[in-house]
Amino acid sequence: METRAGDPGAFTRFDLTRVPSPAFVVDAAKVRANLAVLRAIGDASGARVLAALKAFSMWSLGPTIAEYLDGVCASGLYEAKLGREEYGGEVATYCAGYKEADLPEIAALSDHLIFNSPGQIARFRPLLDRLRAEGESFDIGLRINPLHSEGEVAKYDPAAPCSRLGFPVTQILPEHLEGVDGIHMHTLCEQDFPPLERTWAAVQPLIRPHVRSLKWINFGGGHHVTRADYQTDDLIAFLKRVRAETDCDVMIEPGEAVALDAGILVGEILDLFDNGMAIGITDISATCHMPDVIEAPYRPAMLGEEASGPITRLGGPSCLAGDVIGDYRLPGDARVGQRFAFLDQAHYSMVKTNSFNGVPLPSIWLWDSDSDGLKEIRRFGYEDFKSRLS
Ligand SMILES: Cc1ncc(COP(=O)(O)O)c(C=O)c1O
């Protein structure tokens with residue numbers, strides 16, 4: 001899988017020795033710039049824009065995100081709680097499967113409770129009615145599966161055959177939408193505008209008969225809106241058109257776009273040797289710090305990578321043979337102690353880190369490229385590793 005981002009932005013002038021290694025460094029100015037693009041889309045289109053916490057939940061930036069966006073979308077109890085505690089605005093929670101025991105707390109935290117199937121809505125209806133009677137205020141959504149694929153990779157395509165995500169749109173009956181306030185769909189991944197338009201074109205005739213009973217339509221995430229070549233004007237026109245045609249409120253919930261190109265992961269070379277090619281052991285582990293490198297898989301772009309010169313295969317300190325990040329032409333001669341950084345690591349890396357093998361977690365730093373101010377947000381230690389085990 002190709003990653004289309006990888007613009008170093010202001011990080012070209014960041015001195016990598018200013019932070020300990022490994023470390024995530026997030027540029028607050030770039031996050032603000034991304035948020036300004038998203039706010040402008042919301043303002044021009046009348047759509048509400050929610051930040052997807054699953055992609056980027058560096059909650060020290062919660063107040064900044066709340067200044068620009070209308071709220072957050074959460075994937076379950078913990079993210080809903082984080083959204084309420086540290087961000088502002090509305091909380092839209094979608095989970096592929098809710099547990100009855102969690103629902104009262106999730107309902108208390110959420111403005112929109114989005115279910116994956118009419119079956120779950122029906123099963124929990126008595127509980128939802130009781131919670132409302134007790135004073136909770138939330139509306140109910142259903143995630144539909146448009147059965148229209150735009151994704152290149154099945155693993156990241158919720159509309160792929162036999163997907164578990166969303167109720168197949170062709171199966172919707174009027175009774176499934178009784179007491180349902182909105183529909184949600186999410187089938188895109190790092191995409192341009194035309195796939196969204198085609199998805200709506202595929203889905204719209206099937207949901208048109210039901211639209212009159214709905215209050216809102218949520219177009220999920222996967223819109224790469226903060227990429228320089230995204231067709232922002234087309235998105236704005238589309239969102240306005242859907243609002244006018246359906247008389248529904250419209251929402252989008254981008255995640256990656258909030259933090260696109262806004263963070264780097266700084267690492268250090270710990271050892272170098274030859275085994276058929278130059279091998280570099282680093283304090284960054286693909287499996288612990290950038291699991292999507294293995295899962296997607298993809299090759300993260302490196303800050304200042306040379307266009308030609310010797311190639312070094314970089315991998316982490318863990319015992320996993322496949323803990324390989326990729327083959328790189330390092331800036332300058334490869335040497336033990338050399339610092340380097342992978343680009344575009346703020347989203348979907350920080351939220352996925354783990355300490356397999358007892359590999360230390362990267363510390364988290366906030367840099368402001370406008371002021372050059374640098375602040376340590378969090379450093380992790382042995383106690384963080386131990387406290388997840390017993
Ligand atoms: C339901 C839902 N909403 C929003 C998002 C955010 O998507 P992205 O970060 O690609 O914008 C995702 C990502 O998987 C999702 O599953």
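The values are calculated or read from the model by the stated rules, or taken from the named source; none is laboratory data. If you're wondering where the values come from, they're calculated on a predicted model, not measured in any experiment. Reconstructed Cβ throughout: ideal geometry from the backbone, glycine too, with neighbour counts over all protein chains shown. Ligands, DNA and RNA are stripped out before the accessible areas are found, and what is left, the full protein with its side chains, is counted by its heavy atoms. Shrake-Rupley method; radii C 1.70, N 1.55, O 1.52, S 1.80 Å.
General observations
- Summed over segment 110-137, residues that are in contact (Cβ under 8 Å) with a residue 40 or more places away in the chain and open to solvent by 30 Å² or more (accessible area, probe 1.4 Å) total 3.
- Check on Lys30, outside any strand (DSSP E or B), charged (D, E, K, R) and outside the structural domain of Arg130 (by TED's automatic domain parsing): yes
- Top-ranked residue in segment 232-284 [being away from the ligand (no atom under 16 Å from the Cβ) and among the polar types (S, T, N, Q); ranked as least open to solvent (accessible area, probe 1.4 Å)]: Thr282
- Filter result (open to solvent by 60 Å² or more (accessible area, probe 1.4 Å) and touching a Leu at 6+ places or on another chain (Cβ under 8 Å)) within segment 358-375: Lys375
- Boolean, Met290 is open to solvent by 40 Å² or more (accessible area, probe 1.4 Å), in contact with a strand residue (DSSP E or B) (Cβ under 9 Å, 6 or more places away or on another chain) and not basic (Lys, Arg): no
- Number of positions in segment 329-351 that are over 23 Å from the mean Cα position of the chain (by Cα), surrounded by fewer than 22 Cβ atoms within 10 Å (Cβ to Cβ) and not in a loop (DSSP other than H, G, I, E, B): 1
- Meets criteria (in contact with a Phe, Trp or Tyr (Cβ under 6 Å, 6 or more places away or on another chain) and in a loop (DSSP other than H, G, I, E, B)) for Leu374: no
- Meets criteria (under 21 Å from the mean Cα position of the chain (by Cα), more than 25 Å from Glu295 (Cβ to Cβ), open to solvent by less than 50 Å² (accessible area, probe 1.4 Å) and among the β-branched types (Val, Ile, Thr)) for Ile140: no
- Entirely in segment 245-328, the helices (runs of 4 or more DSSP H) that have 1 or more residues that are within 28 Å of Arg39 (Cβ to Cβ) and hydrophobic (A, V, I, L, M, F, W, C): 256-259
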